[in-house]
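Notes for the one structure printed next.
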Amino acid sequence: MTPALPHVTDEPAVDHVLRDGELTILGRIPSASNATLVCDAVLDDRTSVRCVYKPVRGEVPLWDFPDGTLAGREVASYLISEALGWDTIPTTVHRDGPLGPGMVQRWVETPDNTDHPIPETEPRVDLVDLCPVGAVPTGYLAVLQAYDPYGDPVVLVHADDPRLQRMSVLDVILNNADRKGGHVLEGLDGTVYGIDHGICLHEEDKLRTVLWGWAGEPVPGHLVADVAELAERLATDGSALRAQLAEHITPDEIESLAIRAIVVAESATMPHPPGHRPIPWPPF
């Protein structure tokens, strides 16, 4: 039996392997709306990184987003998360692959998908979950009431967790049109990651998210400071960040991004849900 290659965990090395390693397709995630392939990126037959590969040719056309742009929006979202210093989105690159150009992102190992599961002594409430009406767990915020497939009333909740709150601020800046519960992953490393940012960064308001528990609440000061710094970088014509983003989104979308950053920095307040479609459907 050939021994498994060591997996890289150092982020600069991860970026290098994702960009330059040979992609070997291991399987497909059938529940994804676009072609989403699980791969190993292997460099020089010595190191590997488990990753997700979304080829542009596998993107389903949308009426409100230009064709062939979803992979680039995922990369642009990662660049913004990194510019903020938040590490909320796993390392993401745009590169060629077995099925053509696409997005490649580091796989997030969670308690649900690890090869070494951790025994649970009691049922675990996920960071975003459903619970019976009147039984919202301590430390969770209620978002809305609905009915489950059996007709029983339930409450959509999410954790009152600073890692999740930071993600909710990022979603406002990204104008994320699809923050579903399944797009929130708690990694084995203790980091809360957001994935699936293909329909972000539209110039028109499209924020749809399950993370409305902080609506109208003040944004923590340290997050405001990070957003203010981002706004300043985006306001500088010819900045390195604007040049990087211009490879993936349009000038109008960059301007709208800059405006959203300014609004968050100056108001220091989370927005309220819009009147039309504030929740992605289905929410998980």
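Return the sequence-ordered ³J(HN,Hα) values of region 179-185 in whole Hz as given by the Karplus equation 6.51 cos²θ - 1.76 cosθ + 1.60 applied to θ = phi - 60°, using x for Gly and Pro.
Coupling constants for region 179-185: 7, 8, x, x, 8, 10, 10 Hz.
Whole-Hz ³J(HN,Hα) for each residue in region 128-137, computed from phi via Karplus 6.51 cos²θ - 1.76 cosθ + 1.60 with θ = phi - 60°, x for glycine and proline: what do you get?
Along region 128-137, the couplings run 10, 7, 10, 9, x, 4, x, 10, 5, x Hz.
Of the peptides 158-164, 26-32, how do they stack up when ordered by the mean number of other Cβ atoms within 10 Å, highest first?
Answer by packing, highest mean first, reads 158-164, 26-32.
Could you work out the helix-only [θ] at 222 nm for the chain, with each DSSP H run of four or more residues adding -39,500 (n - 2.57) and the total divided by the number of residues, to the nearest 500 deg cm²/dmol?
So the calculated ellipticity at 222 nm is -8500 deg cm²/dmol.
Looking at region 190-263, which GluC sites (Glu not before Pro) are DSSP coil and have at most 14 other C-beta atoms within 10 Å of their C-beta?
204, 247
Given +1 on the Cβ of Lys and Arg, -1 on the Cβ of Asp and Glu, and no further charges, what dipole in debye does region 1-107 carry about its Cα centre, rounded to the nearest 20?
The calculated dipole for region 1-107 is roughly 300 debye.
Can you give the local net charge around residue 240? Use residues other than it whose beta-carbon is closer than 15 angstrom to its beta-carbon, Lys and Arg +1, Asp and Glu -1.
That works out to -3.
Using Cα pairs closer than 8 Å and at least 6 residues apart in sequence, work out the relative contact order for the chain, in percent.
16 percent
Order 100-108, 189-197 from most to least packed using the mean count of other Cβ atoms within 10 Å.
Those peptides, ordered most packed to least, come out 100-108, 189-197.
In whole Hz, what ³J(HN,Hα) sequence does region 197-209 give by Karplus (6.51, -1.76, 1.60; θ = phi - 60°), x for Gly and Pro?
10, x, 10, 10, 6, 5, 6, 8, 5, 9, 4, 9, 7
Going by average Cβ neighbours within 10 Å, how do the peptides 234-240, 170-176, 220-226 rank, with the highest at the top?
170-176, 220-226, 234-240
No lab work stands behind these numbers, since they all come straight from the coordinates. Keep in mind the model is a prediction, meaning the values are calculated, not measured. A quick note on method: Cβ atoms are made from the backbone with ideal geometry, for glycine too, and the neighbour counts reach across all protein chains shown.
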